[in-house]
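Heads up: the structure comes next, in structure tokens.
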Amino acid sequence: MTLCFATHNEHKIAEVQALVGKSFSLVGLESIGCREELAEEQDTLPGNAWQKAHYVFTRYQTPCFADDTGLEVETLGGAPGVFSARYAGPQRNAHNNMALLLKNLEGRASRAARFRTVICLMADEQPRYFEGVLTGTIGFEPRGHHGFGYDPVFLPDGYPQTLAELPLHEKNKISHRARAMAAFVAYLQTLKS
Ligand code: IMP
């Protein structure tokens with residue numbers, strides 16, 4: 001079965017192909033002739049994952065899945081959440097996003113947070129959702145140089161290091177994305193048999 005991963009990022013496709021195994025052949029958006037940026041206009045992670053997967057499924061008539069990830073901070077009511085990439089507004093980049101987050105957490109008693117990844121699969125008209133969560137706390141200053149995004153300020157529960165201080169292969173064992181992918185791959189395996 002050929003499945004489209006609704007992303008333009010070839011690294012993501014290669015990474016997920018390794019997890020999915022040989023029974024499913026993954027193709028990216030370029031391979032199905034989709035060169036446009038996919039809209040993410042919903043206000044929830046499942047909403048955005050669905051919007052991307054549904055667009056590709058209906059426009060290109062191909063089985064497809066999409067993902068969306070956010071950092072949810074408890075005391076901030078789940079912010080930045082679905083707005084994680086653009087938290088700092090027009091000046092958004094990882095540095096400014098983290099600086100704003102640390103500022104908004106000044107004086108707060110709780111720094112509990114979680115990363116959440118949602119995958120939406122559209123293999124037919126019925127969307128199916130898979131989720132992966134990594135719980136932790138937000139540190140007081142950025143530390144480490146691996147990874148990307150909010151990794152330097154996120155300490156996974158049970159680790160003294162931030163995600164950016166862990167080697168990538170360690171992060172990939174516990175990450176929200178890996179957990180969502182594991183749930184997704186387990187479902188795909190049931191389709192094979
Ligand atoms: P996306 O849905 O994978 O594009 O992620 C949206 C935003 O969430 C990114 O731009 C990052 O700011 C943040 N993010 C997603 N995954 C991670 C991660 O593994 N570590 C740190 N930040 C992340």
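A short reminder: the numbers here are calculations on the coordinates, not readings from a lab. Nothing here was measured: the structure is a model prediction, and the numbers come from that model. So basically every Cβ, Gly included, is an ideal-geometry build from the backbone, and we count neighbours across all protein chains shown.
At q = 0.10, 0.17, 0.19 Å⁻¹, work out log10 I(q)/I(0) for the chain with the Debye formula, treating every Cα as an identical point scatterer and leaving solvent out; two decimals please.
Calculated log10 I(q)/I(0) at the listed q: -0.43, -1.13, -1.33.
If you check each cysteine of the chain for another cysteine whose beta-carbon is under 4.7 Å away, which ones come up empty?
Isolated Cys, the chain: Cys34, Cys120.
Within the set Lys22/Lys192; Lys12/Lys171; Lys12/Lys52; Lys22/Lys52, which residue pairs have Cα atoms separated by over 20 Å?
Those over the limit are Lys22/Lys52.
Is there a quick way to get the dipole size of segment 135-193? I mean about its Cα centre, with the Cβ of Lys and Arg at +1 and of Asp and Glu at -1; what is the value in debye to the nearest 20?
So the magnitude is around 340 debye.
Pulled fully out, how much extra length does the chain show between Ala112 and Glu30, if you take 0.36 nm times their separation in residues and subtract their Cα-Cα distance?
Additional length available on full extension: 25.7 nm.
Take the alpha carbon atoms of segment 160-193, find their center, do the same for segment 5-40, and report the distance between the two centers in whole angstrom.
Cα centroid to Cα centroid, the span is 17 Å.
Where does the charge balance sit around Gly158 when Lys and Arg score +1, Asp and Glu -1, over other residues with C-beta under 13 Å from its C-beta?
Around Gly158, the charge tally is -1.
Please find, in a Gaussian network model of the chain (springs between Cα atoms separated by less than 10 Å), the residue of Phe115, Phe154, Phe24 whose mean-square fluctuation is greatest.
Judging by the Gaussian network model, the answer is Phe24.
Would you be so kind as to identify which of Leu188, Ala88, Tyr60 lies farthest towards the positive end of the dipole of the chain, taking Lys and Arg as +1 and Asp and Glu as -1 on Cβ and the Cα centre as origin?
Ranked along the dipole, the leading option is Leu188.
Listing Ile32, Ile119 from the residue with the fewest other Cβ atoms within 10 Å to the one with the most, what is the order?
Ile32, Ile119
Using modelled backbone amide H atoms (1.01 Å from N, in-plane), which distant-in-sequence or interchain residues come within less than 5 Å of Gly81's amide H?
Leu71, Glu72, Val73
With charges only on Cβ, +1 for K and R and -1 for D and E, what is the dipole size of the chain about its Cα centre, in debye, rounded to 20?
Value, rounded to 20: 280 debye.
If I stretch the segment between Thr190 and Lys12 completely, what's the gain in nm (0.36 nm per residue apart, minus their alpha carbon distance), one decimal?
Roughly 61.8 nm would be gained on extension.
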